[in-house]
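To keep things clear, I will list the structure first and then write my remarks on it.
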Amino acid sequence: MKSKPAESPETTPFGRLAEAGMHRIIGYQLAQAAIATTQVFITQVGSPFDLRPVEFTILSLVDENPGVSAKQLAQALAFTAPNITMWIERLEARQLIERERNQSDRRAQHIRTTAQGSTIVRNAVRLLAEGEQHQFAALSVGERVILIELLHKVARCRGK
């Protein structure tokens, strides 16, 4: 029976399991980091506002882009049309967003946050930023900026 590896940069953050070749795999490290970021989300936003990460993301994108279409949201999040429609309907049922028909193309709809939805987004973003600041205090301001830039760059590779 193999002994457990000593704590090193190439072991899992918890459990001290050897990561082997996975240590250099971006997707694996993203999954490990997602465990920590999900914990912050649940504590700061998910439970207090009764929002799932996808609901928060859609609500935030709609708030930042008033009049956005379901098609644009689906493209941004790599969702199918029926999937984005389901999430929009859930948020609309909670009166966090509203849809309005496009006057020039009656088939198209513009989506906006309600006053309640906009207030929730502002509060949730603030609480999430504070929670991340506290949880990831080991990162300097510069490291946070670099990490966000690199993750955004990875995300932009999606279509390749």
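Is it possible to state the helix-based mean residue ellipticity at 222 nm for the chain, with each DSSP H run of 4+ residues giving -39500 (n - 2.57), the sum divided by total residues, to the nearest 500 deg cm²/dmol? What is it?
-17500 deg cm²/dmol
May I ask you to give the solvent-accessible area per residue for segment 1-112, in square angstrom, as obtained with a 1.4 angstrom probe? Numbers along the way, then the final one.
Numbers: 7500 Å² over 112 residues.
Result: 67 Å² per residue.
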Largest to smallest principal axis extent of the C-alpha atoms in segment 36-160, angstrom: 51, 37, 20
The answer for the net charge of residues other than residue 124 whose Cβ lies under 15 angstrom from its Cβ, with Lys and Arg +1 and Asp and Glu -1, is -2
How large is the dipole of the chain about the Cα centre if only Lys and Arg carry +1 and Asp and Glu carry -1, each at its Cβ, rounded to the nearest 20 debye? 460 debye
Nonlocal amide H pairs with residue 10, under 5 Å, H built at 1.01 Å: none
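The values are calculated or read from the model by the stated rules, or taken from the named source; none is laboratory data. These numbers come from a predicted model, not from an experiment. Backbone-built Cβ (ideal geometry, glycine too); neighbour counts: all protein chains shown. In case anyone asks, the SASA skips ligands and DNA or RNA and just uses the protein heavy atoms, side chains included. Shrake-Rupley method; radii C 1.70, N 1.55, O 1.52, S 1.80 Å.
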